[in-house]
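The values are calculated or read from the model by the stated rules, or taken from the named source; none is laboratory data. Remember, it's a predicted structure, so these values are computed and weren't measured experimentally. Cβ coordinates were reconstructed from backbone atoms using ideal geometry, including for glycine residues, and neighbour counts include every protein chain displayed.
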Amino acid sequence: MKHRLIAAVIVAGIGGLSSVARAAESYQVDPVHSQVLFQVNHLGIGQIWGWFQKFEGTIVLDAADAARSSVEFTLVPESVNTRDEKRDQHLRGPDFFNVKQAPKWTFRSRSVREVGNDTFEIEGDLTVRGVTKPLKFKARKLGQGNDPWGNYRIGLSARFTVNRMDFGISYMPEGLGREVEVILDIEAIRQK
């Protein structure tokens, strides 16, 4: 009897561990329902807004332990759109994004921790134009649930600021702001 009880406890413990191991779920960013926006000061007078149209990412979310979560994100800077083709061509060139030499920008998290109700602090490495710098920001989970097409989705939002000079984007330092605000509104689909 004692051996059966011990075996039952071990089996229950292993079952509990496997459910924790399965707590981490992988999500793919849905670019059709996501936005990557930015704004930068123009001549000390106003703000110029733009967005990127091509990006992808994977979010691993562990509901039981946020520290086992992770984020990987890749953005194609050539897809920039500021509603002015001449400006967009200039942004793609060597004065700004230099897309021929640096066709992709990446972010890879090093740590994720929950800092509040559905709010996470994410630390990782941002690589732009071949330069890698640490980046820390907060992301808030907006919601989650089933969509009409049989998928399960989560929504996340984040805002952070980067200094463009840190990545070698130093063109027109007196006329354009050094600080660029980035806004992410992401929907991601759970992978089955």
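Looking at region 81-106 only, could you name the residues that are in a loop (DSSP other than H, G, I, E, B) and among the aliphatic types (A, V, I, L, M)?
Matches in region 81-106: Val99, Ala102.
Could you go through region 99-120 and let me know if any residue there is over 21 Å from the mean Cα position of the chain (by Cα) and at pLDDT 95 or above.
Yes.
Consider Glu78 carefully, then state whether it is assigned to a helix (DSSP H, G or I) and not aromatic (Phe, Trp, Tyr).
yes
Output the residues belonging to region 104-126 that are surrounded by fewer than 17 Cβ atoms within 10 Å (Cβ to Cβ) and in contact with a Lys or Arg (Cβ under 8 Å, 6 or more places away or on another chain).
Selection gives Val115, Asp118, Thr119, Glu121, Glu123, Asp125.
For region 69-80, what are the residues that are of a type outside the set (Gly, Ala, Ser) and within 17 Å of Leu156 (Cβ to Cβ)?
Across region 69-80, the qualifying residues are Val71, Glu72, Phe73, Thr74, Leu75.
Could you tell me which residue of region 136-182 is nearest to Lys104 (Cα to Cα), considering only residues that are hydrophobic (A, V, I, L, M, F, W, C) and out of contact with any Phe, Trp or Tyr (no Cβ under 7 Å at 6 or more places or on another chain)?
In this case the residue turns out to be Phe167.
Checking Phe73 against (1) surrounded by fewer than 16 Cβ atoms within 10 Å (Cβ to Cβ); (2) touching a residue at least 12 places away in the same chain (Cβ under 8 Å); (3) not polar (S, T, N, Q), only one condition comes out false. Which one?
Only one criterion in (1) surrounded by fewer than 16 Cβ atoms within 10 Å (Cβ to Cβ); (2) touching a residue at least 12 places away in the same chain (Cβ under 8 Å); (3) not polar (S, T, N, Q) is unmet by Phe73, namely (1).
Just the residues that are surrounded by fewer than 16 Cβ atoms within 10 Å (Cβ to Cβ) and either at pLDDT below 95 or among the small types (Gly, Ala, Ser) (or both), please, taken from region 158-192.
Scanning region 158-192 gives Gly168, Ser170, Met172, Pro173, Glu174, Gly175, Lys192.
So which residues in region 87-97 are surrounded by 15 or more Cβ atoms within 10 Å (Cβ to Cβ) and touching a residue at least 40 places away in the same chain (Cβ under 8 Å)?
Once the filter is applied, which keeps residues that are surrounded by 15 or more Cβ atoms within 10 Å (Cβ to Cβ) and touching a residue at least 40 places away in the same chain (Cβ under 8 Å), region 87-97 yields Leu91, Phe96, Phe97.
Being without any contact (Cβ under 8 Å) to a residue 24 or more places away in the chain and either over 17 Å from Ser69 (Cα atoms) or in contact with a Ser or Thr (Cβ under 7 Å, 6 or more places away or on another chain) (or both) is the filter here; which residues of region 98-115 pass it?
Val99, Lys100
For region 148-171, name all the residues that are part of a loop (DSSP other than H, G, I, E, B) and touching a residue at least 24 places away in the same chain (Cβ under 8 Å).
Passing the criteria: Asn151, Gly168, Ile169, Tyr171.
So Lys141 clears everything in (1) closer than 21 Å to Val76 by Cα; (2) surrounded by 15 or more Cβ atoms within 10 Å (Cβ to Cβ); (3) in contact with a Leu (Cβ under 9 Å, 6 or more places away or on another chain); (4) of a type in the set (D, E, K, R) except one condition, right? Which one?
For Lys141, the exception is condition (1).
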